[in-house]
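Down below is the structure, laid out as C-alpha cells.
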Amino acid sequence: MSLNLEQKRAVVAEVSEQVATAQAIVVAEYRGLEVGNMTALRAKARASGVYLRVLKNTLARRAVAGTPFAGLSDQLVGPLVYGISSDPVAAAKVLHEFGKGNEKFVVKAGAMANYVMSVQDIANLATMPSREELLSKLLGTMQAPIAQFVRTLNEVPTKFVRGLAAVRDQKQAA
C-alpha cells in the first residue's frame with residue numbers, strides 16, 4: 001500500500017522529530033525475517049527505549065537531511081529497519097544482540113552525530129557497558145577508599161575488645 005503525499009510528510013516529520021533528539025542511529029537489513037521475530041525485536045526495542053521503524057529509504061534520507069546524521073544517507077540501500085535512540089549504546093546493543101540470534105538480520109551501518117559507524121564500530125559500541133553500569137562502577141571506585149578507612153578505624157576498638165576478652169578468659173582459667 002502506497003502512501004499519499006500528506007502521509008509521507010507525516011512520516012518524515014515523525015522520524016525527523018526522533019532524529020532531532022537522537023544520539024545514535026543504527027540500520028539493519030531484515031530481508032527474509034519472519035513476522036514473529038520482527039515482533040520480538042520491536043518489543044525488545046520498546047523496552048530499551050529505542051524507536052524502531054521500517055520505512056522507505058527515500059523518506060529516511062529526507063528525515064536525516066540537514067542533520068548531523070546526513071552522512072548515513074549513502075548507506076541506505078535495501079530493506080532496512082531503523083533503530084533510533086537518545087542513548088548512544090541502546091540502539092546498537094538491541095540490534096546487535098538480535099542479529100547474533102538471527103542470521104537473516106544483518107546490521108549494515110550506524111551513525112552518531114557527524115560520524116558514520118562501520119559494522120565493527122557498532123559491535124564495539126554494543127559491547128560497551130551501559131551508562132548506569134559505568135556510573136555504578138565509578139561510584140564503587142570512589143567509595144572503596146572511604147569504606148577501607150572505616151574498616152581500619154573499626155579494627156582498633158575490635159582488637160582492644162578481643163584483648164580484654166582474652167585476659168578475662170585467661171583469668172577465669174587460672
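Side notes on the structure shown:
- Tabulated pairs, region 19-37, first without any contact (Cβ under 8 Å) to a residue 12 or more places away in the chain, second of a type outside the set (Gly, Ala, Ser), C-beta under 6 angstrom, 6+ apart or interchain: none
- When region 107-122 is filtered for residues that are crowded, with 16+ Cβ neighbours inside 10 Å, farther than 15 Å from Glu29 by Cα and not acidic (Asp, Glu), the ones remaining, listed by number, are Ala111, Met112, Val116, Met117.
- Val12 vs. criteria surrounded by 13 or more Cβ atoms within 10 Å (Cβ to Cβ), closer than 22 Å to Glu103 by Cβ and touching a Leu at 6+ places or on another chain (Cβ under 6 Å): no
- Single residue of region 64-94 satisfying the filter (assigned to a loop (DSSP other than H, G, I, E, B) and hydroxyl-bearing (Ser, Thr, Tyr)) that is farthest from Arg46 (Cα to Cα): Thr67
- Filtered by the rule that a residue be assigned to a helix (DSSP H, G or I), closer than 21 Å to Ala70 by Cα and touching a residue at least 24 places away in the same chain (Cβ under 8 Å), region 95-126 gives Leu95, Ile122, Leu125.
- Of all the criteria given as (1) free of Cβ contacts under 8 Å to residues at least 12 places away in the same chain; (2) in contact with a strand residue (DSSP E or B) (Cβ under 8 Å, 6 or more places away or on another chain), the one not satisfied by Ser85 is (1).
- Residue within region 64-79 that is crowded, with 22+ Cβ neighbours inside 10 Å, closer than 22 Å to Leu33 by Cα and in the same structural domain as Asn37 (by TED's automatic domain parsing) present: no
- Evaluation of Leu135 against (1) assigned by TED's automatic domain parsing to the domain that holds Arg9; (2) within 16 Å of the chain's Cα centre (by Cα); (3) without any contact (Cβ under 8 Å) to a residue 24 or more places away in the chain (one fails), failing number: (1)
- Test: residue in region 130-146 that is surrounded by 10 or more Cβ atoms within 10 Å (Cβ to Cβ) and closer than 30 Å to Arg31 by Cα: yes
- In region 15-59, the residue that is surrounded by the most Cβ atoms within 10 Å (Cβ to Cβ) out of those that are in contact with a helix residue (DSSP H, G or I) (Cβ under 7 Å, 6 or more places away or on another chain) and in a loop (DSSP other than H, G, I, E, B) is Val50.
The values are calculated or read from the model by the stated rules, or taken from the named source; none is laboratory data. Every value quoted in this text rests on a predicted model; they were computed, and no experiment measured them. Heads up, the Cβs are rebuilt from the backbone with ideal geometry, glycines too, and the neighbour counts pull from every protein chain shown.
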